[in-house]
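Values quoted throughout were computed directly from the atomic coordinates according to the rules given, and no laboratory measurement underlies them. Since this is a predicted model, take the numbers as computed values, not measurements. Cβ placement follows ideal geometry from the backbone for every residue including glycine, while neighbour counts extend to all protein chains displayed.
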């Protein structure tokens, strides 16, 4: 008999759609040797997508694990030595929407981008070099690309938007960390997280989530270009004057870099800007229209002197210098716009009278080198093949959901404090660039100084500062020093 019988119209019934095959891990492992300052380092690199599964329950009964997403992970494990378990560091960037490419090829991994720096960029097609300062010499490394970044995708039939939000992002990245730890027998290894930008917000909350959900107590957090409270950065919200106060020292540092504040040292300018920001400037903004006219003129003059902006412009801006305006205005007379991520970089705009930049010249400068390095390296050196485009930094995660914070500012400061109070051994090292306009260092200091911690735990938090931007490792001197700082931290 035929498999299908015609219906009354004489047509064959439609066949059911084929069930997609169940996804499987596609990990590829390769062996390598790297020359470091302490000798040859032999290691195994593993790259591929790990299937993330979630429990299915019906009427309170466990029915199995259902595939939800395939998360791209690159891990490096050095050959075991004679000592105890090596530390393992889980790394990710931010965005939201960023892959882990920046930390991977700029700072931590065994191979790094060669691209030059502000004012001395190399031409395409750029290059790769051994990273003798890799953190792999001191800790095994696991780089995680959250869903929709890198090669990470949801499985067929699921919605990517389900993963594009604060809580689901924490849960999925946390699940990958637990899974990798269990599969590689690393529950008794010291564990660290390193995040950059939004990745610091993720890392701070993950410290609490991993401990509460799985009992994974961390040894340390390495927070690069940190944001713990988005309210400290929001200079577009009516009445949020704190953002203007906390960004001023960064603006002064950038004005100094571009030669607009006289012949004083960076240290002198920075210290003056910090004191003015939390003193007369904060008072002026709080007073509003109650500020006496003579005091207002004095504040305008100090602001102009510290930021390199014209006094009449500062006056028209009502003393409040929004970051997007500053990046556009600082070098307008030179026909240039400065970078948001790294204000040392400059570029051109089609509209010389525009209020804000249409592109970030610092991001434009680094995207090509990092994309080229990543795509070549994963395929040619780690032998992982995938026809999907590697999403370096994507807008496909937007809109990003912060529904858990409805009616209040997005802040993970208390979650970090909770993790540190619960685990008194948890340490944090915070790296900040003086020329980073995306996550101003003074805003980070403000959030840390307001953590609800006992005095005896405050010593567990340390700061490292660099004369560079958001990706401070683009600056070679900063890269070398930061590599030393991180090595000392995990050692």
Whole-Å distance, taken between Cα centres, linking region 293-313 and region 35-75: 54 Å
Taking the 0 to 90 degree range and rounding to the nearest ten, how far is the long axis of helix 198-214 tilted relative to the main principal axis of the chain, both from C-alpha atoms? 50 degrees
How far, in degrees from 0 to 90, does helix 361-376 lean away from the longest principal axis of the Cα atoms of the chain, to the nearest 10? 20 degrees
Highest mean first, how do 136-142, 195-201 rank when packing is the count of other Cβ atoms within 10 Å averaged over residues? 195-201, 136-142
Restricting the count to DSSP beta bridges whose residues both fall in the chain, what percent are antiparallel, rounded to a multiple of 5? 60 percent
Cα centroid distance between region 410-483 and region 97-155, in Å? 21 Å
Cα-Cα P(r), region 259-402, percent of pairs per 5 Å interval: 2, 8, 13, 14, 15, 12, 11, 9, 6, 4, 3, 2, 1, 0
Which FRET efficiency value, to the nearest 0.05, is calculated for residue 301 and residue 350 with the Förster distance at 35 angstrom and r the Cβ-Cβ distance? 0.55
Can you tell me the FRET efficiency between residue 26 and residue 405 if r is taken as the Cβ-Cβ distance and R0 is 45 Å, rounded to the nearest 0.05? 0.80
What's the ranking of 328-335, 235-242, 413-420 by average number of surrounding C-beta atoms within 10 Å, highest first? 413-420, 328-335, 235-242
In degrees between 0 and 90, to the nearest 10, how far off the longest principal axis of the chain does helix 293-307 point, with axes built from Cα atoms? 60 degrees
Burial-style ranking of 105-115, 357-367, average other-beta-carbon count within 10 Å with highest first, yields 105-115, 357-367
Simple spin-label estimate for residue 367 and residue 54 in nanometres, 7 Å along Cα-Cβ: 3.2 nm
Return the FRET efficiency for the residue pair residue 315, residue 449: r is the Cβ-Cβ distance, R0 is 35 Å, and the value is rounded to the nearest 0.05. 0.65
What percent do you get for the relative contact order of the chain when only Cα pairs under 8 Å and 6+ apart count? 18 percent
